[in-house]
Amino acid sequence: MVRATDVVNRLGSKVEGRFTSKLHETRIAAVLGIALGVSFTVCFVTGLLSHLVQHPPSWFEWPSRPAGLYRVTQGLHVVTGSTAIPLLLAKLWVVAPRLWTWPPARTVAHAVERISIVPLVAGSLFMLFSGVANVARWYPYDFFFPSAHFAVAWVTIGGLVAHIAAKITLTRDALRRRPAPELARATSIDRRRFLGGVAATSGLVALATSGGTVGPLSRVSVLAQRVPSEGPQGMPVNKSAAAAQVRDLATSASYRLVVDGNVGTPMSLTLADLRALPQTEATLPITCVEGWSRGANWRGVAVRDLVAMAGGREGAEVTVESIERGGRYRTSTLTHDQSQDRDALLALEINGEPLHIDHGSPLRLIAPNRPGVMQTKWVTTVTVR
Ligand SMILES: Nc1nc2c(c(=O)[nH]1)N[C@H]1C(S)=C(S)[C@@H](COP(=O)(O)O)O[C@H]1N2
Ligand SMILES: [Mo]
């Protein structure tokens, strides 16, 4: 009679036996693990920051300075996430034989350690896939990307912490050149070649994505989804006026900016009124959460001047709203620190020209150290609180 355990055992050793490369070893797994640990940590922290900036809890206040800080943190988020892809694939390949070990667990602790790999691997694959898909603006699923990406980030980082706790001794030993448990081990030349190849691939991915935000690199950045200088007035557009269905209202002579200060009746300003107000200039980047960014010189009415006109106190909270009817990015809020920054503008001009309609004409918000999704276009109401 054939026993089930025998069949499973034979199957297990058969699969294990297929991994003949000497590169499936602890030392390589340890080095890749450290590189992944670092890139995942930077990616997680910068991603968490981006989430807090966009959905600030009461204890969190994101400063308006340095003006380009978000450009750096979000650039790091996209670049570290992208470079983690070759690292993760290499790591999974190196440890693949261990995923087939039989029996699956020797002790309860071993079982717990192995089970904790499931959220880590599944979470990592989901994070990297959904991140890349979002950058490519491809949504082959129904859920809202930022919520899912944020929730799974916690699952993944939880799995990572558990995995590091379980593997830290093994990693240390492997790196101290104590004999690894494998029978056949890679020579140092094999190892160096393999890790060198992985490092080169990750480096190329970094180079190929960072051009989305580091201007001079854009010529070699084949993977960056945007050339920062391509688009009307030398600036990319995520949502055009046509896509937002605002063309008619944005170009209509009946356009008004309504400023509601909660004192007296709201002010209603025509385009001519806005142009007649004192104009302020600022050089600030648009930094899309998808990783591209581009600086420009903006000119328009300072938010703090409007606050003063509306009788609001200095550092009031200010909410702007777009003509756009639907859409998730039709409104955004400037907190105290941000609304009194001298560079927080409702811009009428970019680089000396009237704003292109796709960049938010007649009026758009542009303020320091903010994610692109919070630089509202086609602004028609300002509420001062
Ligand atoms: N009303 C409105 N404003 C918006 C958006 C939008 O969809 N609707 N998109 C935002 C996003 S995601 C970015 S990155 C910037 C891009 O600005 P740009 O098109 O001028 O480059 O606008 C922001 N402002
Ligand atoms: Mo964006």
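The values are calculated or read from the model by the stated rules, or taken from the named source; none is laboratory data. Keep in mind it's a predicted model, so treat the numbers as computed, not measured. With ideal geometry, Cβ positions are generated from the backbone for all residues, glycine too; neighbour counts draw on all protein chains shown.
Quick notes on this structure:
- Of all residues in the stretch 260-279, none satisfies being within 14 Å of ligand 1 (Cβ to nearest atom) and closer than 25 Å to S64 by Cβ.
- The set of residues in the stretch 323-344 that are more than 24 Å from the chain's Cα centre (by Cα) and either crowded, with 17+ Cβ neighbours inside 10 Å or under 16 Å from V259 (Cα atoms) (or both) comprises I323, E324, S339, Q340, D341, D343.
- Residues (hydrophobic (A, V, I, L, M, F, W, C) and more than 10 Å from ligand 1 (Cβ to nearest atom)) located in the stretch 288-320: W298, V301, A302, V303, L306, V307, A308, M309, A310, A316, V318
- Annotation: of all residues in the stretch 248-281 being charged (D, E, K, R) and loosely packed, with under 14 Cβ neighbours inside 10 Å, the one that is nearest to E321 (Cα to Cα) is D248.
- Checklist (1) at pLDDT 85 or above; (2) out of contact with any Pro (no Cβ under 6 Å at 6 or more places or on another chain); (3) not in a loop (DSSP other than H, G, I, E, B) applied to R10, failing item: (1)
- Any hit, the stretch 64-73, residues being loosely packed, with under 14 Cβ neighbours inside 10 Å, in a loop (DSSP other than H, G, I, E, B) and of a type in the set (S, T, Y): no
- Candidate set from the stretch 313-322 (those that are surrounded by fewer than 23 Cβ atoms within 10 Å (Cβ to Cβ) and in contact (Cβ under 8 Å) with a residue 40 or more places away in the chain); member that is farthest from ligand 2 (Cβ to nearest atom): A316
- Selection within the stretch 228-239 - of a type outside the set (A, V, I, L, M) and either within 13 Å of ligand 2 (Cβ to nearest atom) or modelled with pLDDT under 90 (or both): P228, S229, E230, G231, P236, N238, K239
- Scanning the stretch 270-304 for residues that are more than 15 Å from ligand 2 (Cβ to nearest atom) and farther than 19 Å from A367 by Cβ gives T270, L271, A272, D273, R275, A276.
- Taken over the stretch 263-274, residues that are over 17 Å from A310 (Cβ atoms) and assigned to a loop (DSSP other than H, G, I, E, B) amount to 0.
- Residue count, the stretch 236-262 (criterion: under 18 Å from G300 (Cα atoms) and part of a loop (DSSP other than H, G, I, E, B)): 2
- Among strands (runs of 3 or more DSSP E) entirely within the stretch 275-326, having at least 3 residues that are touching a helix residue (DSSP H, G or I) at 6+ places or on another chain (Cβ under 8 Å) singles out 280-287, 293-302.
- So V94, is it closer than 24 Å to A165 by Cβ, at pLDDT 95 or above and more than 23 Å from the chain's Cα centre (by Cα): yes
- The one condition in (1) at pLDDT 95 or above; (2) assigned to a helix (DSSP H, G or I); (3) surrounded by 19 or more Cβ atoms within 10 Å (Cβ to Cβ) that T209 fails to fulfil: (1)
- With respect to being more than 8 Å from ligand 1 (Cβ to nearest atom) and within 20 Å of W62 (Cβ to Cβ), R370 fits the description.
- Some residue of the stretch 50-58 being among the hydrophobic types (A, V, I, L, M, F, W, C) and touching a helix residue (DSSP H, G or I) at 6+ places or on another chain (Cβ under 8 Å): yes
- Any hit, the stretch 360-370, residues being over 22 Å from L277 (Cα atoms), buried (at least 21 other Cβ atoms within 10 Å of the Cβ), touching a residue at least 40 places away in the same chain (Cβ under 8 Å) and not polar (S, T, N, Q): yes
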